[in-house]
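Asks: There's a structure below that I have some questions on.
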């Protein structure tokens, strides 16, 4: 098994923190990083990230080539132009799935916002599937339309789908044995042709429904992310992460980072950089909310 992250230039600072956390807390493994840019500066990324990988194998690479017109997918503005950020959000989903066809091993997916906060080994996730969190659809779920189109495509319903959280354990065999490389783009983006956003978590759930049924009801809590609606409880949640020994991976969503005040930022800095808590050198910086995604 290996570790994988699909990132972009916007998330460079967060990737420095992720790399530092891997050096400090994660047992040796291979980490594959895809730079999801049209013309990525691979040398730049190696120059800044490589010093953190004394004990780990680091592979930094451009996008995996795939002959599907994914550049034409995304939210269009009033002029009919595709929003670059929403297209990037979709293209990273394709890259996450393409890893299964590129490397012959299972992999644990991180988002750029994720970082390790305690000693860990990626094999701790070996018995899980996806995020280890499973949900049922409600009629007002923003992805209910996407689910219905996937069910139409595959010809059957599923009781639960994998919650959209990372780390995300992806077992490659169920995907590559049931979906050819040539079919991948068409099937993943099938919903986009009916004005419903693609979702790699829902899409992948159709291939591992039998595993979900076996894992449903078995607690698997090794990570925690602070989301936009959690902002009023920011301090409490940060310090809860410090106290909960089960949590190995943390994340702070950019919806929080786009709305934090200077005082909120100081709280995050103290929690992240103080020797009394995480003791990291890298920081988490405020960032503008650049898209509806």
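Just so you know, all these numbers are worked out from the coordinates, no wet-lab data involved. Just so it is clear, the model here is predicted, and its values are computed rather than measured. Every residue, glycine as well, gets a Cβ built from its backbone with ideal geometry; the counts of neighbours run over all protein chains shown.
Asks: Calculated FRET efficiency, residue 46 and residue 182, Cβ-Cβ r, R0 22 Å, to nearest 0.05?
Replies: 0.10
Asks: Something else about it: To test your reading of the geometry: what angle, between 0 and 90 degrees and rounded to tens, separates the Cα axis of helix 262-273 from the longest principal axis of the chain?
Replies: Long axis of 262-273 versus the principal axis of the chain: about 80 degrees.
Asks: Could you sort 225-237, 13-25 so that the peptide with the highest average Cβ count within 10 Å comes first and the rest follow in order?
Replies: For the peptides 225-237, 13-25, the packing ranking is 13-25, 225-237.
Asks: Going by average Cβ neighbours within 10 Å, how do the peptides 145-152, 51-58 rank, with the highest at the top?
Replies: 145-152, 51-58
Asks: At 0.36 nm per residue, minus the direct Cα-Cα distance, what do residue 230 and residue 103 gain on full extension? Give it in nm, one decimal, please.
Replies: Taking residue 230 through residue 103 to full extension adds about 42.0 nm, to one decimal.
Asks: Please compute, over every Cα-Cα pair in the stretch 164-293, the percentage with a separation greater than 24 angstrom.
Replies: For the stretch 164-293, the fraction of Cα-Cα distances above 24 Å is 48 percent.
Asks: Moving on to the next point. Rounded to the nearest 10 degrees, what's the angle between the helix 12-25 long axis and the longest principal axis of the chain, both from Cα atoms, 0 to 90?
Replies: Around 70 degrees separate the two axes.
Asks: Starting from the Cα coordinates of the stretch 183-241, work out the convex hull volume and express it per residue in Å³.
Replies: Residue-normalised Cα hull volume stands at 136 Å³.
Asks: As a check on your grasp of the helix formula, calculate [θ] at 222 nm for the chain: sum -39500 (n - 2.57) over DSSP H runs of n ≥ 4, divide by the residue count, round to the nearest 500.
Replies: -10500 deg cm²/dmol
Asks: Let me ask another. Using only the alpha-carbon atoms, how far is helix 144-154 inclined from the longest principal axis of the chain? Give it as 0 to 90 degrees, nearest 10.
Replies: 50
Asks: Once the piece of chain linking residue 218 and residue 153 is laid out straight, how much longer is it, given 0.36 nm per residue of separation minus the C-alpha distance between them?
Replies: Extending this stretch completely gives an extra 20.5 nm.
Asks: Ratio of Rg to Rh for the chain, alpha carbon only, Kirkwood?
Replies: The Rg/Rh ratio comes out at 0.94.
Asks: Only bridges with both residues in the chain count here: give the DSSP antiparallel percent, nearest 5.
Replies: 35
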